[in-house]
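Each reported figure results from applying straightforward, stated rules to the coordinates on display, with no laboratory input. Note that the coordinates shown come from a computational prediction; the quantities given were computed from them, not determined experimentally. Here the Cβ positions follow ideal geometry from the backbone for every residue, glycine too, while neighbour counts run over all protein chains shown.
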Amino acid sequence: MGDLMWAGLGFVLCICSCLLIVIAFSTPYWIVPEEGAVVSTQLEKLGLWEICFSGYYDHRDSFGRTYNGCWWIFAREYDAIRKYLITGWFATTQALMTVSMILSLSCVLFGLLMLMKCLPTKAQVYSAIFTTITNYLIFIMVAVGLIYFGTHADTDKSWLKFPNLRTLSWSFYLAAIGGIFALLAAMAYTLYWMKVRVAGRASTAYRAHELRTYRQDRYFR
């Protein structure tokens, strides 16, 4: 398998990882109540940035309000209980997933540039190193975030009511699959970088750029 084929495989895996992480990041289905438990939990669905309540009441709310419907987690409607919603472990997961999504988007950009062979020789090598390391970081951050979230979401009794009646949903699992794709992309780019390093300037990843540069230099001379 040629070096560009490894780059192509890594790019496809990067796109899959990025799409899954973005979908998981933006959808409110990280936690849902078990079947028939909406009334007990007073929760319809929950994501990293949106929470949907169904008659939720929190005794720590000094105004004694009842919460219904879906709202952005930083909406004014949640001002009185936001500090109870965004716990330390929840905020950590938010931060890790945000950084993972940004890094995933950057990997897609650099992967496309490498695949199009439009970078100078050194930039091609550095981009391969950057994309490889970044995908490993994405996998680690997603794994840490999901483990942290999963171990607290159904055990933290001070967070929401009836943790035993809540369950992780498809947005959570999409993030997990996205992290696995990032790991596979990192492995593909590791092989690509090893081939590029060995091949040097003779690698097919460099030839088009070097030929264009050579012709331009001759023309302007």
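Relative contact order of region 42-154: what whole-number percent is it, with Cα pairs under 8 angstrom and at least 6 residues apart?
Rounded, it is 20 percent for region 42-154.
In terms of modelled amide H atoms, which long-range or inter-chain residues lie less than 5 Å from the amide H of residue 51?
Residues meeting the amide H criterion: 71, 73.
Give the relative contact order (percent, whole number) for the chain; include only Cα pairs under 8 Å separated by 6+ residues.
About 33 percent, as a whole number.
Say the dipole of the chain comes from +1 at the beta carbon of Lys and Arg and -1 at that of Asp and Glu; which of 101, 189, 52 then lies farthest toward its positive end?
Sorting the options by dipole projection puts first 189.
Kindly rank 14-20, 103-109, 167-173 from highest to lowest mean number of other beta carbons found within 10 Å of each residue.
For the peptides 14-20, 103-109, 167-173, the packing ranking is 14-20, 103-109, 167-173.
Can you work out ³J(HN,Hα) from phi for every residue in region 36-53, in order, using Karplus 6.51 cos²θ - 1.76 cosθ + 1.60 and θ = phi - 60°, giving whole Hz and x for Gly and Pro?
Couplings: x, 10, 5, 5, 6, 7, 6, 10, 9, 6, 8, x, 5, 10, 9, 10, 10, 9 Hz.
Cα-based Rg (one decimal) and Dmax (whole number) for the chain, in Å?
23.0, 80
What dipole magnitude, in Debye to the nearest 20, does the chain give about its Cα centre under +1 on Lys/Arg Cβ and -1 on Asp/Glu Cβ?
In debye, rounded to 20, the chain gives about 1220.
Can you give me the distance in nm between label points at residue 99 and residue 129, each placed 7 Å from the Cα along the Cα-to-Cβ direction?
Placing both labels 7 Å along Cα→Cβ, they lie 2.1 nm apart.
Rounded to the nearest 0.05, what FRET efficiency do residue 91 and residue 177 have when you use their Cβ-Cβ distance and R0 = 22 Å?
0.40
Could you compute the FRET efficiency for residue 113 and residue 147, with r as their C-beta to C-beta distance and R0 at 30 Å, rounded to 0.05?
According to the calculation, E is roughly 0.35.
Near residue 51, within a Cβ-to-Cβ distance under 9 Å, what is the net charge of the other residues, with Lys and Arg +1 and Asp and Glu -1?
Net charge in that neighbourhood comes out at -1.
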